[in-house]
Amino acid sequence: MVQRLLLIPDGMADWKNPKTGKTPLEEADTPNMDFLAKEGACGTAKTVPKGYPPGSDVANMTILGIDVRKYYTGRGPIEALARGIDTRIAFRCNLVYVENGIMVDYSGNRIGDEEARRVIEALNSEVDEGVRFHCGRSYRHVLAIDREFEEDEVKKVKTTPPHDITGKKIDDYLPEGGKLAELLNELIDLSKTVLPEVTDRANMIWPWSGGRIPKFPRFADRFGVRGVMISEVDLLQGIGRALGMKVVEVDGVTGYVDTNYRGLAKAALRHLKEGFVVLHLEGIDEAGHEGNYELKVEAIELYDEKIVGYILDRVDLEEVSIMLLPDHPTPVAVRTHVAEPVPFLLYGGKKDGVKEFTERSCRKGMFGEVNGLKLMNLFFS
Ligand SMILES: [Zn+2]
């Protein structure tokens, strides 16, 4: 059996830095990724479908062959999946501050975790069967509704992200559309009496971006192997779980450049005999969000040496097939994700003339620009 390894360095792709004339990936010394590109074939992949936000959720779902146009029902459901919350319907739920009917602060004046926990507890003591608030960090929580609703009742609910209506009258943006919207409005009303008893920072809940928890097609049914998901972040673990993959946790990981590279690489090697391993690393993306070019270059070099190099030294290169790509670019210049195609390489089959793994060189690869949704078909063909 061919052993397949999918490597996802989160947010690695970038733009040319005006000072150096190079992207962080071009600047970094990456002999191991360059080896894979040289001995394999390259291209670029569109991992964010038109009209979707370039989040890690959308991009990684697409890479793993899940059509977001069919299965992306909102941020709430993806967060519920990520956190293993067992429910039928989920919404993102902010703690917000509203004054005279105006949305003053979508972040509950940056309420602290401990205060937020007490708010969520107080809310849960007041709600009926089938409704539960799940505590996250600060103002970001999940509202789980585990009740029977008709399909179109769920679909026709209209909500608005609270950060889009700062300074505006909330009356025009309250949940609308049928019975589920009515329940949301009842919960909002309830929160107006509960929150002031516990905190001054927030005085209302604001549910948004919700829907039914999607049932992804099982990875095994489509590609003949269950797959193993190794990631430092619960989002990827949740996507893996929803695909029916085995989720492997690694000790001592930080989701940052100082993570336990050895532990992550070893876990990938250990599970490779199961046929398919996804190894996702978060740290490079964080350097992008910090807008730190030097740190991003360093994070890419560490990744190349301690993940890619470590693995290449220990696998049978005849037996293994490797696909490597970032989920989306996180350019240091804008410190956020963008929806542009990413470079990818596929080692273990054909070869093209590309000699190094960079944004620019991969554009000349034999695959050209591919639809991200087709990457797994390419990998498993
Ligand atoms: Zn990402």
Selection from region 284-297 of residues that are within 16 Å of the ligand (Cβ to nearest atom) and either touching a strand residue (DSSP E or B) at 6+ places or on another chain (Cβ under 9 Å) or polar (S, T, N, Q) (or both): 284, 285
Pairs returned, first residue in region 107-124 that is of a type outside the set (A, V, I, L, M, F, W, C), second residue that is surrounded by fewer than 14 Cβ atoms within 10 Å (Cβ to Cβ), beta-carbon separation under 9 angstrom, 6 or more apart or interchain, are 109/200; 113/137
Could you list, in sequence order, the residues of region 72-116 that are among the acidic types (Asp, Glu) and under 20 Å from residue 236 (Cβ atoms)? 79, 86
Given the conditions (1) within 16 Å of the ligand (Cβ to nearest atom); (2) in contact with a Gly (Cβ under 9 Å, 6 or more places away or on another chain); (3) over 17 Å from residue 4 (Cα atoms), every one holds for residue 300 apart from (2)
Quickly run through region 49-58 and pick out the residues that are assigned to a helix (DSSP H, G or I) and either touching a Phe, Trp or Tyr at 6+ places or on another chain (Cβ under 7 Å) or farther than 23 Å from residue 93 by Cα (or both). 58
Take residue 35 and decide whether it is away from the ligand (no atom under 16 Å from the Cβ) and assigned to a helix (DSSP H, G or I). yes
Name every residue in region 245-265 that is over 15 Å from residue 3 (Cβ atoms) and assigned to a helix (DSSP H, G or I), in order of residue number. 261, 262, 263, 264
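Okay, residues lined up against (1) modelled with pLDDT of 95 or more; (2) away from the ligand (no atom under 16 Å from the Cβ); (3) of a type in the set (S, T, N, Q); (4) closer than 23 Å to residue 290 by Cβ:
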residue: 304; (1), (2), (3), (4): yes, yes, no, yes
residue: 308; (1), (2), (3), (4): yes, yes, no, yes
residue: 312; (1), (2), (3), (4): yes, yes, no, no
residue: 320; (1), (2), (3), (4): yes, yes, no, no
residue: 326; (1), (2), (3), (4): yes, no, no, yes
residue: 340; (1), (2), (3), (4): yes, no, no, yes
residue: 347; (1), (2), (3), (4): yes, yes, no, no
Can you tell me which residues in region 59-77 are of a type in the set (A, V, I, L, M) and either within 13 Å of the ligand (Cβ to nearest atom) or in a loop (DSSP other than H, G, I, E, B) (or both)? 59, 61, 63, 64, 66
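The values are calculated or read from the model by the stated rules, or taken from the named source; none is laboratory data. As the structure is a computational prediction, the values presented were derived from the model and not from experiment. As a convention, Cβ positions derive from the backbone with ideal geometry for all residues, glycine included, and neighbour counts pool all protein chains shown.
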